Each structure stands twice: as structure tokens, then as C-alpha cells.
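Undergrad: Before I ask anything, let me first share the structure, which is written out below as C-alpha cells.
Just so it is clear, none of the values below were taken in a lab; they were calculated from the coordinates. Since we're looking at a predicted model, the values are computed, not measured. Reconstructed Cβ throughout: ideal geometry from the backbone, glycine too, with neighbour counts over all protein chains shown.
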Amino acid sequence: MTVVRLLRPLLAAFTLLFSASLVLAQSYPDRPIKLVLPFPPGSATDGVSRFLADELRKSLGQTLVIENRAGADGIIAAQAVKAAPPDGYTLMVSTNSAHGTNPALYNTLPYDPEKDFEPVAGLIKIPQMLVVRKDFPANDVAGFLKLAKERSAAGKPLSFATGNTSSRIAAELLKAAGGIDLTIASYRGMPQAMTDLVGGQIDVSFSDPFAAAGFINGSQIKALGVTDAARVPLLPSVSTMTEAGHPSVALVSFVALFAPAKTDPAIVSRLNAEINKILASPQGKDYIHKMGASAMVMSPAQLRSFVSSEIARYGQLISAAGIPKK
């Protein structure tokens with residue numbers, strides 16, 4: 001009887017908290033939501049975010065504002081969201097840069113990708129494509145590597161544009177697999193890298209299909225290989241790196257939604273449910289297909305486990321690629 005009496009206040013407090021959380025989730029959102037992105041307009045992250053913002057506006061009845069805070073491998077955007085109130089009104093559309101590779105790339109990181117964020121929902125997975133300028137004298141991976149070896153031996157390596165961490169890692173994997181050298185030119189994002197590739201100032205890059213497809217279809221650049229186990233339905237004629245004999249050059253990026261740590265679980269749960277509905281809808285499936293991506297439907301708990309495993313996996317990849325810490 002004494003135990004029951006002791007437990008009653010605790011049960012009452014829990015019921016009160018649960019009820020308050022439920023009321024908050026039902027009234028959420030009552031003002032615009034800000035989506036902070038680590039990449040500029042024109043990137044795959046920006047594209048899927050704008051689609052998501054439009055669809056969520058319909059289901060939540062509030063505007064979602066896109067804020068592009070590019071630079072520093074997603075650190076600028078991550079810091080902004082980490083410092084925001086955990087009320088569900090500032091969210092981060094993040095990638096395997098800020099929530100995957102950075103712990104292995106930086107000696108000091110001003111945020112913890114696991115402790116400082118609440119996983120909300122997965123969005124998409126998207127591979128990288130090996131692309132070259134339109135007048136490049138090779139039309140497949142074998143021809144590319146032959147020329148790259150010749151240029152490396154002559155002390156005139158091909159120039160490579162990297163617009164994000166994934167493209168840089170893919171470049172290092174390619175260098176190791178093909179025994180070649182590349183001169184790396186870093187850009188703030190893939191749209192800027194694609195501009196110089198199209199203009200002929202750069203020889204080669206790895207880009208996501210979303211950023212590259214228009215240029216490929218317009219014959220402004222050429223695609224030689226895909227860093228996934230299967231070909232991209234959007235560009236089915238482009239072989240995989242495995243088909244080309246280089247299975248170690250495999251890399252698939254991810255995009256997911258995160259909230260600041262300690263955001264109310266009821267808000268996280270509601271956002272997750274709404275996003276998963278969008279990903280499973282006909283318009284969601286169609287849009288993701290046109291991006292050359294695949295849907296990443298996950299619960300918050302599954303996303304948390306996934307991020308943890310990705311941090312470990314990218315640590316191994318970065319070590320194998322020989323990329324030094326900053």
C-alpha cells in the first residue's frame with residue numbers, strides 16, 4: 001500500500017507530462033518552420049528539401065522556409081540548428097557530411113552529430129556519378145583510367161572538382177583503385193563544380209545524378225560510372241563502377257531530417273509520420289525517381305542507429321582513402 005502511495009505522484013506527473021506533450025503535438029505547428037540546409041540551391045539536398053517543404057505545407061498547414069547555409073562540410077548549418085530552441089521550428093536537412101564523415105575529417109568538431117540532434121526522418125539515398133567534360137577523350141571508365149594514368153606518369157594529373165565530402169571520398173577511392181593521381185579543386189557545392197566542368201575548366205568530378213542529369217541529357221558533360229550496386233533508373237545506360245571492374249569505388253550518400261536535441265518526442269513523431277507518408281505517396285515516389293535517388297523511410301530510432309553506423313563506416317572509408325584530418 002505504501003509503495004502504491006509513493007508511486008501515485010510519479011504516475012500523476014508522468015500523465016501530466018504525456019498529456020502536455022500530446023497537446024503540444026496537436027497544436028504544432030502554429031507558425032512557419034525553418035529548414036536549414038548545408039548546401040546551396042541546385043544541389044540534391046536543396047531539391048528534395050524544396051519538394052518536402054511544399055508537401056509538408058499542405059499537410060501541416062504552415063509555410064516551411066528554406067535557409068541555405070553552405071560551407072565547411074555542413075558545420076555552419078549544424079551549429080545553427082544545434083543552437084536553436086528545441087521547439088520543432090528550426091530543423092536541419094542534413095547529409096552524410098555533417099552526420100557521417102565529419103567526425104573522421106576534423107580534429108575538433110563544434111557539435112556532436114549524435115548527442116546534439118534528435119533524428120526525425122530519413123529522406124533519400126543517392127549515389128555518385130563519375131562525370132567528365134563533354135570533349136573528354138574517353139567514353140568509359142577503362143578509357144578514363146588509361147588516360148588518367150598517362151597524365152599522372154607525365155606529371156600532369158587530371159583536374160578534379162569536389163563539391164562535397166562524398167565527391168572527395170569517391171575521388172580518393174578512385175585514385176586508389178586506378179593507381180592514378182588527380183589535382184583536387186574544392187568548391188562550395190556541386191552546382192558550382194558542375195559550372196566549371198561544363199565550361200571545360202575542370203576535367204572530371206563525382207556528382208549526384210540530380211545535379212548532373214540535366215547536363216548529361218543536354219550533352220554538356222559525359223557520365224562514365226555510378227558508385228552504387230545497381231544502375232540509376234534515371235540514366236540506365238551508365239554502368240556501375242562494379243561493372244567496370246572497380247567494386248571498391250562504391251559510395252551512396254544520404255539526406256535526412258534532424259531537430260535540435262531535446263525536441264519534444266511527440267513533435268518528432270508527428271513529423272516522421274507526415275514525411276513517411278510523403279515518401280510513400282505517388283508524387284513522392286515520382287519525384288525521388290526523377291532525382292536518381294531512392295526513398296529512405298525510417299523511424300527516428302532507426303535513423304539514430306543508421307547515423308551511428310554511418311559514422312563508423314565513413315571513418316573506415318576515410319582512413320582507407322588516406323584523407324588527412326583538418
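Undergrad: In region 297-326, whose amide N lies under 16 Å from the spot 7 Å out along Cα-to-Cβ of residue 184? List them in ranges.
TA: Under cut-off, by backbone N: 314-326.
Undergrad: Quick check: from the Cα gyration tensor, does region 166-258 come out rounded (a/c under 1.5), prolate or oblate? Each step should come with its number before you reach the end.
TA: Values: a/c = 1.22, a/b = 1.10, b/c = 1.11.
It is rounded, given that a/c, with a ≥ b ≥ c, falls under 1.5.
Undergrad: OK, next. Would you mind classifying region 214-326 by shape? Square roots of the alpha carbon gyration tensor eigenvalues, ordered a ≥ b ≥ c; an a/c under 1.5 is rounded, otherwise it is prolate if a/b is larger than b/c and oblate if not.
TA: On the way: a/c = 2.57, a/b = 1.31, b/c = 1.96.
Because a/c hits 1.5 or more and a/b fails to exceed b/c, region 214-326 counts as oblate.
Undergrad: Scan around residue 261 for amide H atoms under 5 Å from its own, H built in the peptide plane at 1.01 Å from N, and keep only partners 5 or more places away or cross-chain.
TA: 117, 118
Undergrad: For region 130-177, with the dipole built from +1 on Lys and Arg beta-carbon atoms and -1 on Asp and Glu ones, taken about the Cα centre, which of 131, 154, 177 lies farthest toward the positive end?
TA: About the Cα centre, the residue reaching furthest to the positive side is 154.
Undergrad: Using just the helices of the chain, give the 222 nm mean residue ellipticity in deg cm²/dmol: DSSP H runs with n ≥ 4 each add -39,500 (n - 2.57), and the total is spread over all residues, rounded to 500. Write down the numbers at each step before the final one.
TA: Values: 11 runs with 148 residues, N = 326.
My calculation for the chain gives -14500 deg cm²/dmol from helical runs alone.
Undergrad: Please list the non-local residues whose amide H lies under 5 Å from the amide H of residue 181, H modeled 1.01 Å from N, same-chain partners needing a gap of 5 or more.
TA: 152
Undergrad: Based on Cβ point charges of +1 for Lys and Arg and -1 for Asp and Glu, what charge dipole magnitude is obtained for region 77-235 about its Cα centre, in debye rounded to the nearest 20?
TA: On the way: 14 positive and 14 negative charges, 108 e Å.
For region 77-235, the charge dipole is close to 520 debye.
Undergrad: Could you tell me the number of lysine pairs in region 146-271 with C-alpha atoms less than 15 Å from each other, where the two lysines are 8 or more residues apart or belong to different chains?
TA: Working: 146/156; 146/175; 149/175; 156/175.
The number of close lysine pairs in region 146-271 is 4.
Undergrad: Taking θ = phi - 60°, what integer Hz values does the Karplus form 6.51 cos²θ - 1.76 cosθ + 1.60 yield along region 218-231, in sequence order, with x for Gly and Pro?
TA: With the stated coefficients, region 218-231 comes to x, 6, 8, 9, 10, 9, 10, x, 10, 8, 9, 6, 10, 5 Hz.
Undergrad: Here is a further query. Grab the beta carbon distance between residue 153 and residue 320, set R0 = 22 Å, and tell me the FRET efficiency rounded to 0.05.
TA: Numbers: r = 24 Å, r/R0 = 1.09.
Step by step, r from the Cβ atoms, then E = 0.40.
Undergrad: Right, something else. Enter the angle in degrees (range 0 to 90, nearest 10) between the Cα long axis of helix 265-280 and the first principal axis of the Cα atoms of the chain, meaning the one along which they spread out most.
TA: That works out to roughly 40 degrees.
Undergrad: In degrees from 0 to 90, rounded to the nearest 10, what is the angle of the helix 165-178 Cα long axis to the longest principal axis of the chain?
TA: Value to nearest ten degrees: 40.
Undergrad: Would you kindly state how much longer the chain becomes between residue 192 and residue 297 on full extension, computed as 0.36 nm times their sequence separation minus their alpha carbon distance, in nm to one decimal?
TA: On the way: separation 105, 0.36 × 105 = 37.80 nm, distance 2.99 nm.
Extra length from residue 192 to residue 297 when fully extended: 34.8 nm.
Undergrad: Please state the charge dipole magnitude for the chain, taken about the Cα centre, from unit charges on C-beta atoms (+1 on K and R, -1 on D and E), reported in debye and rounded to the nearest 20. List each step's numbers first, then the result.
TA: Numbers: 31 positive and 25 negative charges, 50 e Å.
That gives a dipole near 240 debye.
Undergrad: If you take every DSSP beta bridge fully contained in the chain, what fraction is antiparallel? Give it as a percent rounded to 5.
TA: Within the chain, antiparallel bridges account for around 60 percent of the total.
Undergrad: Could you give me the ³J(HN,Hα) list for region 132-139, computed from phi with Karplus coefficients 6.51, -1.76, 1.60 and θ = phi - 60°, whole Hz, x at Gly and Pro?
TA: The phi angles translate into 10, 4, 5, 9, 5, x, 7, 10 Hz.
Undergrad: So what are the ³J(HN,Hα) numbers for region 247-254, from phi and the Karplus equation (6.51, -1.76, 1.60; θ = phi - 60°), rounded to whole Hz, Gly and Pro as x?
TA: x, 6, 8, 10, 7, 10, 7, 10
Undergrad: For labels at residue 283 and residue 58 in the simple 7 Å Cα→Cβ model, what's the distance in nm?
TA: If labels sit at residue 283 and residue 58, their model points lie 0.2 nm apart.
Undergrad: Here is a further query. Amide H neighbours of residue 66 under 5 Å, counting only residues 5+ apart in sequence or on other chains, H built in-plane at 1.01 Å?
TA: Residues meeting the amide H criterion: 35.
Undergrad: Using only Cα atoms and rounding to the nearest 10 degrees, what angle (0 to 90) does helix 44-60 make with the longest principal axis of the chain?
TA: 30
Undergrad: When you count, for each residue, the other Cβ atoms within 10 Å and take the mean per peptide, how do 41-47, 191-197, 281-287 rank with the highest first?
TA: On the way: 41-47: 23.4, 191-197: 20.9, 281-287: 13.7.
Highest-to-lowest ranking by the protection proxy: 41-47, 191-197, 281-287.
Undergrad: Which pairs in the list 134/326; 34/58; 34/115 are over 27 Å apart, alpha-carbon to alpha-carbon?
TA: On the way: 134/326 34 Å; 34/58 16 Å; 34/115 21 Å.
Exceeds cut-off: 134/326.
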